[in-house]
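**Student:** There's a structure below that I have some questions on.
Readers should treat all values here as calculations from the given coordinates under stated rules, not as data from a laboratory. From a predicted model like this one, the values you see are computed outputs, not experimental measurements. Quick reminder, even Gly has a Cβ in these numbers, built from the backbone with ideal geometry, and neighbours come from all protein chains shown.
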Number of protein chains: 2
Amino acid sequence: MSRRRQIYEGKAKILYEGPEPGTIIQYFKDDATAFNAAKKGTINGKGVINNRISEHVFTRLSHIGIPTHFIRRLNMREQLVRQCEIIPLEVVVRNVAAGSIAKKLGLEEGEALPHTLIEYYLKSDELNDPMVAEEHIACFNWASHEEMHDIAAMAIRINDFMSGMFAAIDIRLVDFKLEFGRIYDGDFSRVILADEISPDNCRLWDFNTGEKLDKDRFRRDMGGEEEAYQEVARRLGLLQGDDN
Amino acid sequence: MSRRRQIYEGKAKILYEGPEPGTIIQYFKDDATAFNAAKKGTINGKGVINNRISEHVFTRLSHIGIPTHFIRRLNMREQLVRQCEIIPLEVVVRNVAAGSIAKKLGLEEGEALPHTLIEYYLKSDELNDPMVAEEHIACFNWASHEEMHDIAAMAIRINDFMSGMFAAIDIRLVDFKLEFGRIYDGDFSRVILADEISPDNCRLWDFNTGEKLDKDRFRRDMGGEEEAYQEVARRLGLLQGDDN
Ligand SMILES: Nc1ncnc2c1ncn2[C@@H]1O[C@H](COP(=O)(O)OP(=O)(O)O)[C@@H](O)[C@H]1O
Ligand SMILES: Nc1ncnc2c1ncn2[C@@H]1O[C@H](COP(=O)(O)OP(=O)(O)O)[C@@H](O)[C@H]1O
Ligand SMILES: [Mg+2]
Ligand SMILES: [Mg+2]
């Protein structure tokens with residue numbers, strides 16, 4: 001454990017060098033941040049739950065043919081993943097108006113959007129993750145046209161699959177954030193889904209009560225975040241101690 | 001004059017009903033605003049100059065086949081235009097980083113962009129003209145896919161033409177804002193260039209000295225805005241008192 005080289009410490013995870021070249025270990029912390037780390041705190045047990053939820057979702061996504069970085073979960077807080085070159089975009093998929101878009105466009109929070117909406121934000125803490133359009137992405141070459149095509153196509157499939165998965169357990173998938181990365185194979189590269197999918201980067205509302213089961217509880221000082229994350233894991237069938 | 005019905009009073013212009021159905025009169029005021037009207041002032045003679053510059057540019061653009069709302073200038077401060085249904089987007093074309101994009105993406109003001117960049121902002125004073133992407137435009141149906149295609153194609157041609165026109169008089173076209181509108185012909189509609197093109201909505205820098213010849217002088221309290229607007233008109237050959 002102690003001999004592993006740390007590659008990066010982020011807001012919610014630490015990356016370590018993996019056992020083989022081209023692999024890394026994602027360690028899930030309990031640290032929680034919001035508003036570009038202006039607000040900081042801890043959600044007890046979050047790392048354990050997010051590790052488990054992200055494993056579950058990435059595994060299910062790979063079954064429908066979405067290429068992902070996930071290799072296997074190693075222990076309570078760690079998973080082995082393929083190292084990739086992260087594309088510096090946060091890809092946000094929205095089904096329902098909430099958070100920044102409600103404010104920005106004057107929409108009612110909870111209003112269904114006329115269509116599913118994909119947004120791109122530049123992943124830059126210094127610049128406060130500004131929203132960008134495909135024109136900026138092309139202009140600054142943050143991703144190629146082909147990569148953007150693949151990303152949008154994957155984002156839509158992921159949204160459909162996850163909407164179904166959560167609907168089955170009475171959860172409304174309001175919106176979520178994805179990160180993608182490049183892996184190289186000789187002169188070629190392809191795009192895979194990276195990072196994590198968890199209540200840290202999804203908005204998940206109980207279908208019947210509207211109760212928030214995600215990081216908005218922390219962002220908005222609502223309390224009950226530990227229980228909310230556990231409830232998502234429980235409904236996904238991940239709290240029985242069995243291995244999936 | 002006094003019997004005409006006023007249709008709208010905006011920040012820089014007043015619209016009156018035109019002499020025939022489907023026409024309106026744009027009256028150019030000397031009022032200047034910035035930062036969504038948080039800053040207000042007057043630039044003496046601006047209305048006269050912008051009316052003349054906009055006439056000049058729209059006329060030249062129609063010669064290269066850009067459809068515009070411009071019919072004819074009526075007098076010092078007024079021009080007759082075709083009434084259209086304004087598409088609620090501010091279309092910004094940028095060649096060089098300046099203003100909001102420099103701040104937002106951490107670029108040096110004056111840095112040439114890798115490529116010409118088109119941006120879209122929702123025209124909404126209440127929402128402070130938020131930047132939007134084609135995904136939002138499609139989602140909320142602010143413009144159709146075909147209209148966006150036509151708008152982007154026209155914006156690029158307008159940029160090329162205006163870059164040349166200003167280069168010829170030693171002015172660098174840094175960026176500018178356009179508005180487009182729909183005119184209906186039975187069941188069909190097409191997109192035409194509307195509003196105005198003037199130092200109010202272009203960034204124009206002297207090629208040799210870098211001197212700003214546009215509304216940034218007002219936004220940034222630099223003084224000399226009247227002289228700057230006049231200088232642009234003078235270089236365009238519009239101050240000789242002749243009619244083009
Ligand atoms: N497969 C991967 N290869 C390389 N980097 C990754 C991979 N998956 C995720 N990352 C990056 O690892 C970091 C995860 O840590 P996190 O705490 O989420 O960081 P941040 O504060 O930057 O969001 C992120 O910067 C993410 O982009
Ligand atoms: N051909 C046209 N038909 C209808 N409206 C137009 C036309 N050209 C411009 N407009 C609109 O007229 C108004 C011009 O006045 P302005 O002072 O620029 O207003 P604003 O404060 O809204 O920018 C703008 O709202 C613009 O969208
Ligand atoms: Mg992260
Ligand atoms: Mg205007």
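**Student:** Counting pairwise Cα distances across region A:153-223, what percent come out greater than 20 angstrom?
**Tutor:** When all Cα pairs of region A:153-223 are counted, 40 percent exceed 20 Å.
**Student:** Which of the aspartates and glutamates could be linked to A:Lys123 by a straight reach, that is with a Cα gap under 18 Å, when you skip same-chain ones fewer than 8 residues away?
**Tutor:** Cα-Cα hits under 18 Å: A:Glu9, A:Glu85, A:Glu90, A:Glu134, A:Glu135, A:Glu147, A:Asp175, A:Glu179, A:Asp195, A:Glu196, A:Asp200.
**Student:** Per Stokes-Einstein, at 37 °C and 0.692 mPa s, what whole-number D in µm² s⁻¹ belongs to region B:85-224, with the Kirkwood radius over Cα pairs as the hydrodynamic radius?
**Tutor:** D, rounded to a whole number, is 204 µm²/s.
**Student:** Measuring from a point 7 Å out along Cα→Cβ, what nm distances, shortest first, does A:Asp160 have to its partners in the other copies?
**Tutor:** 3.9
**Student:** Further, regarding this structure: Just to be sure I understand: with springs between alpha-carbon atoms less than 10 Å apart, which residue in A:Thr209, A:Thr116, A:Thr23 has the highest mean-square fluctuation in the Gaussian network model of chain A?
**Tutor:** So, out of A:Thr209, A:Thr116, A:Thr23, the one fluctuating most is A:Thr209.
**Student:** Now, a different point. Leaving out same-chain residues fewer than 8 places away, which lysines sit with a Cα under 17 Å from that of B:Lys46?
**Tutor:** Reachable lysines: B:Lys11, B:Lys13, B:Lys29, B:Lys212, B:Lys215.
**Student:** Then there is this: Smallest Cβ-to-axis distance in chain A, for the rotation taking A to B: which residue, how many Å?
**Tutor:** In residue-and-Å form, the answer is A:Ala133, 2.
**Student:** Next question. Using a Gaussian network model of chain B with C-alpha springs under 10 Å, which one of B:Gly106, B:Gly181, B:Gly223 is most mobile by mean-square fluctuation?
**Tutor:** Greatest mean-square fluctuation among the candidates belongs to B:Gly106.
**Student:** Right, another one. Please find, in a Gaussian network model of chain B (springs between Cα atoms separated by less than 10 Å), the residue of B:Asp214, B:Asp187, B:Asp206 whose mean-square fluctuation is greatest.
**Tutor:** Greatest mean-square fluctuation among the candidates belongs to B:Asp187.
**Student:** Over region B:3-78, what per residue volume does the convex hull of the Cα atoms give, in whole Å³?
**Tutor:** 114
**Student:** If each residue's Cβ is checked for other Cβ atoms within 10 Å, how do A:Glu196, A:Glu135 rank with the fewest at the top?
**Tutor:** Ranked by crowding around the Cβ, least crowded first: A:Glu135, A:Glu196.
**Student:** Please state the charge dipole magnitude for region B:1-158, taken about the Cα centre, from unit charges on C-beta atoms (+1 on K and R, -1 on D and E), reported in debye and rounded to the nearest 20.
**Tutor:** It works out to roughly 900 debye.
**Student:** Given C-alpha coordinates of chain A, what is the ratio Rg to Rh with the Kirkwood estimate of Rh?
**Tutor:** With Rg and the Kirkwood Rh in hand, the quotient comes to 0.94.
**Student:** So what is the orientation-averaged projected area of the protein assembly as shown, using the convex hull of its C-alpha atoms, in nm²?
**Tutor:** Average of the hull's projected areas for the protein assembly as shown equals 28.2 nm².
**Student:** While we're looking at this one, here's another question. Based on DSSP, what percent of beta bridges with both residues in region A:6-82 are antiparallel, to the nearest 5?
**Tutor:** 100
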